[in-house]
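This report refers to the structure that appears directly beneath it.
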Amino acid sequence: MTSLDPRAPLVLDTRELGRRPGSQREVELTVPAPAQLGIEVLSVPEGAPVELDLRLEAVMEGVLLTGTATADLAGECVRCLQPIVDEVHVDLQELYVYPDQHDKAAEHDDSDLDDETSRLEDDLLDLEPLLRDAVVLALPFQPLCMDDCPGLCTECGARLADDPDHAHDAPIDPRWAGLQQLTQDQQD
Ligand SMILES: [Zn+2]
Ligand SMILES: [Zn+2]
């Protein structure tokens, strides 16, 4: 396991809580978004501000983090490819367990703690995995510019929402097109 960089924007220092259960600290900060925060079609642009409003509270097993994260989103509608500008607001909650707590639990074969457990390293916690999971869960699976986006015209690719009465001359039915070809061949 690589150790955490205390200068990384999403790594928080909990040392001043002093491992005294009940001691707590409010943290408000704005950090640049890491790359690929979101899903392919909708995400927080890399480097865009992510506003964090957090509370760190020492409990018996570790440090409990609660709070919110807010950031702007940019993406495109999966039906008509129109740019989407939106905002994401997520609740965060995670218990970061002291490393020695984990060892103790392992001795007692405590199945509450497994590889998924977030841990403190040298009193530092890494917010990034939590933030990533929360943002991805909050995003729509298929972002749309509006709920009933009609998408693009299959004939010419025009955005139908811009032109609801959009119409083309009736295309030649492919079955008749085949016949027409046949008649022409016979005439040659
Ligand atoms: Zn759309
Ligand atoms: Zn068209």
Enumeration of residues in segment 112-169 that are in contact with a Pro (Cβ under 7 Å, 6 or more places away or on another chain), closer than 22 Å to Pro32 by Cα and assigned to a strand (DSSP E or B): Leu124
Qualifying residue in segment 5-12 (condition: basic (Lys, Arg) and modelled with pLDDT under 95): yes
Test: residue in segment 158-177 that is within 16 Å of ligand 2 (Cβ to nearest atom), modelled with pLDDT of 60 or more, surrounded by 11 or more Cβ atoms within 10 Å (Cβ to Cβ) and among the charged types (D, E, K, R): yes
Hey, Pro150 within 16 Å of ligand 1 (Cβ to nearest atom), under 24 Å from Val50 (Cβ atoms) and either surrounded by 15 or more Cβ atoms within 10 Å (Cβ to Cβ) or at pLDDT 90 or above (or both) or not: no
Scope segment 56-105; condition within 15 Å of the chain's Cα centre (by Cα) and surrounded by fewer than 17 Cβ atoms within 10 Å (Cβ to Cβ); matching residues: Thr68, Thr70, Asp72, Ala74, Glu76, Val85, Asp86, Glu87, His89, Asp91
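The values are calculated or read from the model by the stated rules, or taken from the named source; none is laboratory data. As the structure is a computational prediction, the values presented were derived from the model and not from experiment. Neighbour counts are summed over all protein chains in view; Cβ atoms, including those assigned to glycine, are modelled from backbone coordinates with ideal geometry.
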